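K.L.:
Here it is: the structure, laid out below.
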Amino acid sequence: MTLDLTGSLLIATPAMGDPRFVRSVLYLCAHSAEGAFGLILNRPVPGLRMGQVLGQVGLGEALPEALAQRRVLSGGPVEPQRGFVLHDGVESEGQVLPEGLMLSASLDILRDLAQGQGPGRWLLALGYAGWGAGQLESELAQNAWLTVTASPALIFDPAPGEHQWLAALRLLGIDPISLSAVAGRA
């Protein structure tokens, strides 16, 4: 039986062999025996801002500067043209997640955000990270990931980046200097 890690954070360790995930923090939106689905929280898409994304879908008119300049995340290598809004508090179409979070992929959530009627805390990620049956469990057994209960402050950090990886490690009481790329078993 697979432990359900939905709603947890995955923190890449130095044992992570895939360069796309080095020093990354992911929020797991779904996890079951069939596989897992998550969003990278600390990889902004270089040079891409929310105003550009909203403009591409016809919602870029008269946006507040703070919204237009908001960073967009690279949620993962799978389907990088597809957008996902992870948010809190507002009932909308989408997947209900632990701790009052929602995952929406509809144009309606983008329309709400553009009109200033959306949720209070949110992020937009393009693409996602996906694992087939048993794949994430194998990576966990190889010590490529650490898991911790998700922190909304870390998830919705307004300036995503490397500091989120360090903050996620601190949630576990780990100093990154103490991490090793060599896994062992006692």
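The values are calculated or read from the model by the stated rules, or taken from the named source; none is laboratory data. Note that the coordinates shown come from a computational prediction; the quantities given were computed from them, not determined experimentally. Cβ placement follows ideal geometry from the backbone for every residue including glycine, while neighbour counts extend to all protein chains displayed.
K.L.:
What are the residues in the range 1-52 that are polar (S, T, N, Q) and either in contact with a strand residue (DSSP E or B) (Cβ under 9 Å, 6 or more places away or on another chain) or buried (at least 19 other Cβ atoms within 10 Å of the Cβ) (or both), if any? Please lay out each step first, then the result.
P.N.:
We begin by selecting, within the range 1-52, every residue polar (S, T, N, Q); these are 2, 6, 8, 13, 24, 32, 42, 52.
Residues satisfying the conditions are Thr2, Thr6, Ser8, Thr13, Ser24, Asn42, Gln52.
K.L.:
Confirm whether Ala159 is loosely packed, with under 12 Cβ neighbours inside 10 Å, out of contact with any helix residue (DSSP H, G or I) (no Cβ under 8 Å at 6 or more places or on another chain) and of a type outside the set (Phe, Trp, Tyr).
P.N.:
Details: loosely packed, with under 12 Cβ neighbours inside 10 Å: yes; out of contact with any helix residue (DSSP H, G or I) (no Cβ under 8 Å at 6 or more places or on another chain): yes; of a type outside the set (Phe, Trp, Tyr): yes.
It is true that Ala159 is loosely packed, with under 12 Cβ neighbours inside 10 Å, out of contact with any helix residue (DSSP H, G or I) (no Cβ under 8 Å at 6 or more places or on another chain) and of a type outside the set (Phe, Trp, Tyr).
K.L.:
Something else: Somewhere in the range 53-72, is a residue surrounded by 12 or more Cβ atoms within 10 Å (Cβ to Cβ), of a type in the set (S, T, N, Q) and within 26 Å of Gly130 (Cβ to Cβ)?
P.N.:
Among the residues of the range 53-72, not one is surrounded by 12 or more Cβ atoms within 10 Å (Cβ to Cβ), of a type in the set (S, T, N, Q) and within 26 Å of Gly130 (Cβ to Cβ), which makes the answer no.
K.L.:
Let me ask something else about it. Quick check on Leu146: is it at pLDDT 95 or above, touching a helix residue (DSSP H, G or I) at 6+ places or on another chain (Cβ under 8 Å) and not aromatic (Phe, Trp, Tyr)? Let's see the steps before the verdict.
P.N.:
Details: at pLDDT 95 or above: yes; touching a helix residue (DSSP H, G or I) at 6+ places or on another chain (Cβ under 8 Å): yes; not aromatic (Phe, Trp, Tyr): yes.
Against the criterion (at pLDDT 95 or above, touching a helix residue (DSSP H, G or I) at 6+ places or on another chain (Cβ under 8 Å) and not aromatic (Phe, Trp, Tyr)), Leu146 qualifies.
K.L.:
Can you pull out the residues in the range 17-54 that are over 20 Å from Val72 (Cα atoms) and in contact with a helix residue (DSSP H, G or I) (Cβ under 8 Å, 6 or more places away or on another chain)?
P.N.:
His31, Gly35, Ala36
K.L.:
Tell me the residue from Gly89, Gly127, Gly116, Gly100 that is touching a residue at least 24 places away in the same chain (Cβ under 8 Å) and either loosely packed, with under 12 Cβ neighbours inside 10 Å or touching a Cys at 6+ places or on another chain (Cβ under 7 Å) (or both), please.
P.N.:
Working: Gly89 fails: either loosely packed, with under 12 Cβ neighbours inside 10 Å or touching a Cys at 6+ places or on another chain (Cβ under 7 Å) (or both); Gly127 fails: either loosely packed, with under 12 Cβ neighbours inside 10 Å or touching a Cys at 6+ places or on another chain (Cβ under 7 Å) (or both); Gly100 fails: touching a residue at least 24 places away in the same chain (Cβ under 8 Å).
The match here is Gly116.
K.L.:
Right, another one. Do we have Gly35 as at pLDDT below 95, out of contact with any His (no Cβ under 8 Å at 6 or more places or on another chain) and within 22 Å of Trp145 (Cα to Cα) here?
P.N.:
no
K.L.:
Please state which of the following conditions Ala105 fails to meet, knowing it meets all the rest: (1) closer than 26 Å to Arg20 by Cα; (2) touching a helix residue (DSSP H, G or I) at 6+ places or on another chain (Cβ under 7 Å); (3) not basic (Lys, Arg).
P.N.:
(2)
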